[in-house]
Every structure is written in C-alpha cells, then in structure tokens.
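What follows is a set of notes on a single structure, which appears directly below.
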Amino acid sequence: MQILDGLAVAAHIKEQIKTEVATVKNKGGKTPHLAAILVGNNPASEAYVGNKVRTCSELGFGSTLLRFGTEMTEIELLHEVKKLNENKDIDGILVQLPLPKHISETAIINAIHPNKDVDGFHPISQGKMLLGQDTFLPATPYGIMLMLAHYNIDITGKHCVVIGRSNIVGSPMSVLMAQNTNPGNATVTLTHSRTKDLKAMTLQADIIVAAIGNPKFLTADMVKDGVIIIDVGINRIEDATRKSGYRLVGDVDFENVAPKCSFITPVPKGVGPMTICGLMKNTLKASQIAR
Ligand code: GUN
C-alpha cells in the first residue's frame, strides 16, 4: 500500500509555478492576481480561503480578499463580482461556497466572467470541459488528475466508481476520468444518494473517488483488494484531545480500508493541497489571457 502524498506533490507543483511566475515577472510580465470573496463566517470556508490567499503570496501572486457579513444581499454580491470582472488588475475571481441561503449560488457563478472563472464552475467552463476543450477545470478534480499524473497511475480501462455527483467534484471528476486523455480513459460509474446497492458497485471498483461529505462512509467491506482510493472528504469531527476541539477525517475509514489498497490519499495532506494547486494553476493561466 502506498500513500499518495498530496502535500509533497503540491510542494513540487508549487515550486514549478513559483519559478514560472518569477520568470514572467523578470520579463516585465503580469503578476497573477486572485480575488477571493468570502461571505459570512463559516469556519471551514475561512480556513480554505485563508489557505488560498496564503498560497498566493507564497508563489509570488497578488491577492485580494473581500469579506462580507451574512446580511449581504444577492444584488450587492452581484455588484462586487461585476466590479472584479471589470478590474483589469484582477485575473481570477473565486467566490467561496457555500453562500448564505438567500443568495443564489447559480446566479453568482453565472455572473463571473468566464475568462476569470478560476474555480471552473461557470457553465461555459463546465461545457468546454465536457467537450474536452481547453478551459479552467474545477480545482479539486484538476488537482486529483495532477496527482494521478505525478504518480504515473494508469487508469486506462479501469473501472472507476465516483461517489457523489456535486457540480464541484463528483460530476466533473466522472467526466475527466472518462475522457480520452492521459490520465483518463477509465470506465466510470457515477453513484449518488439514490444509487441502489452502492456496495455492489464499489466492490467492482479498481478506483474509488469518495466525495460525499460523510465521515468514514466508505468501509473496508465495501472495497476489493488492490483498489486505488481518492478521498475527497474533509469532515470535522469532535476531538477533545486537540486544542482546536476537532480533527479532520475523510469520507473513507482510512485505518481499515488502507491495508486493502494499492494507493490511497490520506486526510489531511491528500487531496486538499492538490485542490489549491489546481486553483493556482488556473490563476496563472487566467493571467496569461490577453485582455
Ligand atoms: N467550497 C468547497 N470547495 C470549493 C471550491 O473549490 N471553490 C469554492 N469557491 N468554494 C468551494
């Protein structure tokens, strides 16, 4: 069993990005600039956005963090997005999800200019991805593909079972793994909350991508020997022994599943750091679009 070390792979990719940005800057080129919007004070969202902004400065990117209270209206948020769309200094726009219930995530995502859609959530980005055209890929699926490429894991012809059909992870993941690319060419089954007999599916899987948001959901009896596991879950569970009062666990019962795997991503230090890499690569790409 080999642990897929997201932290180490991310460090490697971040070094490459850092070098590329330094070269661009030395030639008088543009410094990539990411604008992040955080509405409300969801602790997990605060941590994710903090991480994204910190990584920008680590890589030599510029960043702007705009914070607003939960009372912000949809019209006000749309106005902020419009200002960022029109601001020539800003290359990438990220609105951290989830948003408060009174704001339509669809309306906000649709308002982001596709050339600045570094999250890859806009219908144009998702449509292009589906058609295999060059575009911004959603950060988490992009990061997972980068990790598979880094470890030279060949998924051609393998049966990949994706658990969860979110627009952010499950759906795009199923598309990317099935595409005629490298890595790619897997045979994909996309499963979700209405899937009958999920265990019958996962027991057939050569690769499982767990993106459900349910701590330790995937158990050892649900997987076959030699399986490759990609655990996308980042769940906070109470832990009185920690200073923070919680610890992070994935969607996979790591302790019992890992011994059966050929490869497995841990939580933390697995998919999480790769998501940030995907976002940073998208922001660099956005900064290179002529405007
Ligand atoms: N919430 C959970 N994952 C993501 C992500 O990748 N981007 C944004 N904007 N919000 C998220």
Exactly one of I109, I13, I17 is in a helix (DSSP H, G or I) and touching a Phe, Trp or Tyr at 6+ places or on another chain (Cβ under 7 Å), and that one is I109
Tell me yes or no: at least one residue of segment 101-113 is closer than 16 Å to L34 by Cβ, within 14 Å of the ligand (Cβ to nearest atom) and open to solvent by less than 50 Å² (accessible area, probe 1.4 Å).
yes
Any chance P183 is under 17 Å from G6 (Cβ atoms), free of Cβ contacts under 8 Å to residues at least 60 places away in the same chain and either open to solvent by 10 Å² or more (accessible area, probe 1.4 Å) or under 18 Å from the mean Cα position of the chain (by Cα) (or both)
yes
Against the conditions (1) within 14 Å of the ligand (Cβ to nearest atom); (2) open to solvent by 10 Å² or more (accessible area, probe 1.4 Å); (3) touching a residue at least 40 places away in the same chain (Cβ under 8 Å); (4) not β-branched (V, I, T), where does G60 fall short? Just the number, please.
(1)
Single condition L34 does not satisfy, out of (1) within 12 Å of the ligand (Cβ to nearest atom); (2) surrounded by fewer than 16 Cβ atoms within 10 Å (Cβ to Cβ); (3) in a strand (DSSP E or B)
(2)
Please specify each residue of segment 225-250 satisfying the condition of being open to solvent by 60 Å² or more (accessible area, probe 1.4 Å) and of a type outside the set (A, V, I, L, M).
D225, R236, E238, T241, R242, K243, S244, Y246, R247
So P259 fits all but one of (1) over 29 Å from H122 (Cα atoms); (2) surrounded by 16 or more Cβ atoms within 10 Å (Cβ to Cβ); what number is the exception?
(2)
Cβ-Cβ under 9 Å pairs, at least 6 apart or on other chains, segment 159-178 side farther than 25 Å from D225 by Cβ, far side within 16 Å of the ligand (Cβ to nearest atom) and basic (K, R)
S171/R165
Please enumerate the residues belonging to segment 63-87 that are out of contact with any helix residue (DSSP H, G or I) (no Cβ under 9 Å at 6 or more places or on another chain) and surrounded by 14 or more Cβ atoms within 10 Å (Cβ to Cβ).
E80, N87
Checking the condition more than 20 Å from the chain's Cα centre (by Cα) and open to solvent by less than 40 Å² (accessible area, probe 1.4 Å), which residue from M173, M201, M177, M222 passes?
M222
Kindly indicate whether any position in segment 84-91 is within 16 Å of the ligand (Cβ to nearest atom), touching a Phe, Trp or Tyr at 6+ places or on another chain (Cβ under 8 Å) and in contact (Cβ under 8 Å) with a residue 40 or more places away in the chain.
no
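The values are calculated or read from the model by the stated rules, or taken from the named source; none is laboratory data. Please read all numbers here as calculations on a predicted model, not as lab measurements. Note that each Cβ is placed from the backbone with ideal geometry, even for glycine, and that neighbours are counted across all protein chains shown. For the accessible areas, the whole protein counts, side chains as well, though only heavy atoms, and no ligand, DNA or RNA atoms are used. Shrake-Rupley method; radii C 1.70, N 1.55, O 1.52, S 1.80 Å.
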